Amino acid sequence: MEASDPTLYDYQITKEDFAHRPAMVIPVIRPVQHPYSNKNAGFVYLSISQQMFIHEMANYTLDDKSTLFLKIGDVYYQLKEDSMIPLEASLEFQDFSEHYQIQNDTEVFYLENNGSKSVAISRPLSFHSCSVIQTITPGSFLQQLHRYVFLGILIFVVVLIIGLFLTGMLSRLFTQPVIRLRKRISLIAGGDFTQDDTILWDNELGDMGRDINQLSLDIKTLIDNRLTAENQKRNYEYQLLQSQINPHFLYNTLNSIKWMATIQKADGIAEMTLALSRLFKNISKGANILVSIRQEFDLLEDYFTIQKYRYGGAISMEYEITDEELLLNEIPRFSLQPIVENAIFHGIEPKGRAGIIKIKLYSVPKDMVCIDVTDNGVGMSREKIIRLLTEDVPDHSSFFRNVGISNVHRYLQYTYGEPYGLHIESEVGQYTTVSTLLPHKILNEEEKQL
């Protein structure tokens, strides 16, 4: 049984003399076992022509400096064109100095033959003890190696160029548009609602850009509508405020007129009555909130004329104007009257003796205008100053109901912004100065005439 194993036989090419046409073949002899005993019933003889190897290797491509060998058993044959030439031992073909084994039983040898050195690559066949060997000269080997290295570098460069091209294209088509969209959204969040036509591309990102522009427009419209509604509301409240004359003030004024008519026989009654009529006229005319500082001073003068007679001349008011052009600057109507009224009622009157109110108009750095109202009354503490500017406490003695210092301060900041408004400095028992800070803004010609 073991003798029938074909791997145990060594194959070799021999000349077949008894054939019809003598030829070089590989003889294969196998015994035939008797079916009813352990004896051999005979032998089977098979001859394999060397032409089978020559035919199969005919399409194998070699360069001029390479040689192809076939090893069968211990004999080496050189395949050359249409023949297999056996090599004699005198060629010392088996004189290998080193060899390395690589994958799939393939081996690489360094072969020395007649003083020349070459590289031989051996690959086994499925036949037992048969293999194919190809020799390559070192120059050819290095040339092939350089060719493969160049091909590898070329492939790497091509892949790198394609990668850079795809990266640039993706950046241009997606990354940069997304960055611009995010920047546009950040600007909208910061209050910039202008339309940006540079984000209207002809793709899906362009649709997002159009939606962002529409969102910006909608937000701007909403804010404008809200501001318009707030302004209308403030105008309406201000008109209502103008009509709410304090009855207590009217009562005191009429009593003063009666007292003047009784004690005196001329001058003061006419002046006081004229001042009151002008004051009513200023209150009732128009709905414009902004007036010039000159107009505000005129209204303040009419108000102070009435209060001066009420206190029997115990109070006086002086003006200091550093630049006449500042009188054309705008100011919300009735901004100074609550300040002067506070100086009279809560500054000078509690002191129990004559007092003076000084009004100074001047410009300050950063394009601003300041109006100082200073009285020599009882003064106030720091806590009271803070409460006066922050607390919403109605003053029933005021010329206008619910119009206090804190309301004027908030209204100025609402109209012009955070840097503007009222600032109070005071020393208890000495003085109080209320500074009104306004932007340097000349009223236009139409508003000056109102």
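The values are calculated or read from the model by the stated rules, or taken from the named source; none is laboratory data. Note that the coordinates shown come from a computational prediction; the quantities given were computed from them, not determined experimentally. No Cβ is skipped: glycine too gets one built from the backbone with ideal geometry, and neighbour counts run over all protein chains shown. The protein model used for the area step is the full one, side chains on, heavy atoms only, and it has no ligands, DNA or RNA in it. Shrake-Rupley method; radii C 1.70, N 1.55, O 1.52, S 1.80 Å.
Close amide-amide hydrogen proximity is noted between Y76 and L87, each under 5 Å apart and 5 or more residues distant or on a separate chain (H modeled in the peptide plane; Pro and chain starts excluded). Once both labels are positioned 7 Å from their Cα atoms along Cα-to-Cβ, the gap between L125 and D105 label points is 1.3 nm. Checking the cross-link pairs K220/K366; K308/K358; K351/K384; K15/K71; K308/K351 against a 19 Å limit on the alpha carbon distance flags K220/K366 as lying beyond it.
Rolling a 1.4 Å probe over the protein heavy atoms leaves E230 with an accessible area of roughly 50 Å². Between R387 and A354, the modelled label-to-label distance comes to 3.3 nm, taking each label 7 Å out from Cα in the direction of the beta carbon.
A Förster radius of 45 Å, combined with the Cβ-Cβ distance separating A314 from L222, puts the computed FRET efficiency at roughly 0.25. Extension gain for the segment Q214 to D17, taken as residue separation times 0.36 nm less the Cα-Cα distance, is 60.8 nm to one decimal. Modelled spin-label separation between E418 and R234, with each label point placed 7 Å from Cα along the Cα-to-Cβ direction: 1.8 nm.
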